[in-house]
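Right, one structure below, let's go through it.
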Amino acid sequence: MHSCYKLMVMLLIVGAVRSPAATEAAAFENISWNPRSINVGAPCLFKVETAAVPSSLKGKWEGRDVVFFSAGQRHLWYGLAGVDVGAIPGKHYLELEATMPDGRVMSAVREIDVRPSIYKVVTLTVPGRFVQPDAETLKRIESDQEIKRKAFSHQTAAPEWSGSFHAPVNSSVSEAFGTRRTFNGKLASIHRGLDYHAKSGTPVLAANAGTVVLARELFYEGNCVIIDHGQQFMTLYMHLSQIQVAEGGKVKEGEQIGLSGATGRATGPHLHVAVHWQGAYLDPAQLWTLSLPDLR
Ligand SMILES: [Zn+2]
């Protein structure tokens with residue numbers, strides 16, 4: 001009687017989970033991410049293995065669309081994404097939707113615990129015109145924002161990066177990503193990039209292959225280069241003394257794109273590098289250590 005009862009409970013459990021589990025298992029064999037533990041500000045790579053080959057695979061993460069692409073084998077899919085520096089830690093959800101060739105739509109959801117990051121607070125002093133811009137400067141800043149908005153909305157069909165990203169200069173970090181800054185005792189901001197010690201004229205190399213979507217002088221950023229590595233996953237290089245690439249051009253990983261400097265809002269020569277994914281700013285230092293598959 002006792003064992004019979006146990007068997008009945010087991011059957012009930014199996015019966016209760018069978019239908020949704022079977023639907024998911026039919027499409028998704030394995031869903032994983034790298035790094036295994038994701039913190040605020042981290043870039044990440046989602047890897048999805050499917051049993052049958054879907055005609056498309058879409059993802060939702062952090063309120064943004066993750067574009068999945070299959071590399072080589074059609075049942076292995078990758079999506080490069082991240083968590084914004086200003087995101088709230090806690091339970092975040094990766095939602096997947098696979099459309100099969102016969103039109104059936106399979107879905108799966110994974111709960112991911114996004115851990116907090118601890119950032120330091122520093123006080124910086126910059127020239128007054130950067131803190132309280134005059135009317136003419138404000139106009140310039142507004143038009144810069146429109147130029148950046150256009151660059152950030154650049155569309156690519158396929159990823160252009162291949163393999164891991166690399167630091168653009170071989171130098172030490174002068175200011176970490178995520179640092180909370182106060183200028184002249186007011187106007188707090190978050191450091192949404194990583195600063196490297198770099199004396200003026202240091203060659204700056206592309207972190208990975210991609211398309212140059214911006215290469216011009218901006219008020220705050222100074223001489224700035226933005227590279228789209230595909231699907232709006234971008235790297236930004238600021239305060240350059242010289243730009244050596246043109247908008248619309250293609251660059252290879254490690255290709256020289258300019259020379260470092262102190263143009264724009266800079267207290268001295270350094271290289272500011274940022275990683276931008278659909279409006280989210282991610283930690284460059286964590287991107288350099290993220291192991292990514294070779295796509296060529
Ligand atoms: Zn910086």
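Every number in this text was worked out from the coordinates using simple rules, so none of it is lab data. Just so you know, these numbers come straight off a predicted model, no measurement behind them. Please note: Cβ atoms are built from the backbone with ideal geometry, for glycine as well, and neighbour counts cover all protein chains shown.
Here is how the numbers come out for the structure above:
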{"item": "Highest-first arrangement of 83-94, 44-55, where packing means the average Cβ count within 10 Å", "result": "44-55, 83-94"}
{"item": "With Cα atoms, 0 to 90° folded angle of helix 135-152 axis to the chain main axis", "result": "40"}
{"item": "Listed residues 281, 119, 237, most fluctuating in the chain (Gaussian network, C-alpha, under 10 Å)", "result": "119"}
{"item": "Dipole in debye (nearest 20) - the chain, about Cα centre, beta carbon charges: Lys, Arg +1; Asp, Glu -1", "result": "460"}
{"item": "Region 132-165 and region 236-266: distance between their alpha carbon centers, rounded to Å", "result": "14"}
{"item": "Whole-Hz couplings from phi, Karplus 6.51/-1.76/1.60, listed for region 208-215; x for Gly and Pro", "result": "6, 6, x, 10, 6, 9, 8, 8"}
{"item": "Overall form of region 109-242 per C-alpha gyration tensor (a/c, 1.5; a/b vs b/c)", "result": "rounded"}
{"item": "Set of aspartates and glutamates with alpha-carbon distance to residue 60 below 20 Å, sequence-local pairs under 8 removed", "result": "24, 29, 49, 84, 95, 97, 111, 113"}
{"item": "Cross-link table 150/250; 139/250; 47/120, entries beyond 21 Å C-alpha to C-alpha", "result": "139/250; 47/120"}
{"item": "Tensor-based shape of region 144-187 (alpha-carbon gyration tensor, a/c under 1.5 rounded, otherwise prolate or oblate)", "result": "oblate"}
{"item": "Whether the chain is rounded, prolate or oblate, judged on the alpha carbon gyration tensor where a/c under 1.5 counts as rounded", "result": "prolate"}
{"item": "Among 96, 231, 69 the positive-end extreme of the charge dipole of the chain (Cβ point charges)", "result": "96"}
{"item": "Net charge dipole size for region 70-152 [Lys, Arg +1 and Asp, Glu -1 on Cβ; Debye, nearest 20]", "result": "200"}
{"item": "With eigenvalues of the C-alpha gyration tensor scaled by 5 and rooted, region 205-250, Å", "result": "17, 10, 9"}
{"item": "Highest average packing first - 158-164, 105-111, Cβ atoms within 10 Å", "result": "158-164, 105-111"}
{"item": "Ranked packing of 282-294, 201-213, most packed first, by mean Cβ within 10 Å", "result": "201-213, 282-294"}
{"item": "Degrees separating the helix 2-27 axis from the principal Cα axis of the chain, which is the longest one", "result": "50"}
